[in-house]
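Here's the structure, in structure tokens; my notes come after.
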Amino acid sequence: MSRVAGLALVILLLAGCGVRPTGVVYAGDAPVATASGSPRSQVFLLAGGGIPRPVWRPADPADPQRVFDTLLSGPTREERARGLTTELPGITKIVVHALDSRALLVETIPPMLKLSAEAYAQIYCTGLLLSAQTVVKISYLDDGTKPDGMPDCPGAEPFRSSPTIEPPSGART
């Protein structure tokens with residue numbers, strides 16, 4: 001009996017279960033990977049009328065200092081051709097202090113006690129787009145209130161007032 005069962009199995013395997021051969025079927029081009037190998041973040045530049053607009057930069061969002069360094073580089077040639085500008089040309093450096101997992105203190109060098117609403121928006125909105133940031137203060141003199149005329153941050157959380165935060169030890173006064 002096992003000889004008959006083995007012969008039946010061989011016949012079924014040779015029959016190929018009824019699948020008939022076909023010619024080559026064209027299924028389109030092979031997929032192409034388009035993702036960048038390096039992490040990217042968004043920083044805010046200004047469009048016509050001082051409206052903040054996010055643009056991509058090659059900076060890891062886990063490194064807030066690097067993100068703000070790229071913000072200071074200003075618009076690329078292509079971005080300038082599209083009308084994007086910056087209000088940060090007088091600032092030579094931005095120093096970022098992580099106060100806790102949700103708050104950043106951003107210090108401008110030279111210290112700018114009074115930033116334009118557009119410059120404030122560029123820094124503030126860029127900080128909000130960093131992962132898990134809900135409080136961004138721009139120097140310890142900042143009282144957490146929105147400057148007059150500051151536009152909203154498209155793509156980021158709306159401006160929210162924050163409690164007064166003490167400067168980190170070693171921060172300039």
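Could you tell me which residue of the range 106-143 is farthest from Ser73 (Cα to Cα), considering only residues that are modelled with pLDDT under 85 and assigned to a strand (DSSP E or B)? Result: Val135.
Of the residues making up the range 94-112, those that are surrounded by fewer than 12 Cβ atoms within 10 Å (Cβ to Cβ) and within 22 Å of the chain's Cα centre (by Cα) number 2.
Scanning the range 76-93 for residues being surrounded by fewer than 17 Cβ atoms within 10 Å (Cβ to Cβ) and in a loop (DSSP other than H, G, I, E, B) gives a total of 6. The number of residues in the range 37-67 that are closer than 19 Å to Lys93 by Cα and part of a helix (DSSP H, G or I) comes to 4.
Taking each residue of the range 30-54 that is at positive phi and surrounded by fewer than 10 Cβ atoms within 10 Å (Cβ to Cβ) and looking for partners that are modelled with pLDDT under 90 and not acidic (Asp, Glu) with beta-carbon atoms closer than 9 Å, six or more apart or interchain, yields Gly49/Pro151.
The values are calculated or read from the model by the stated rules, or taken from the named source; none is laboratory data. Bear in mind the structure is a predicted one, so any value in this text is a computation, not a measurement. Cβ: placed from backbone, ideal geometry, glycine included. Neighbour counts: every protein chain shown.
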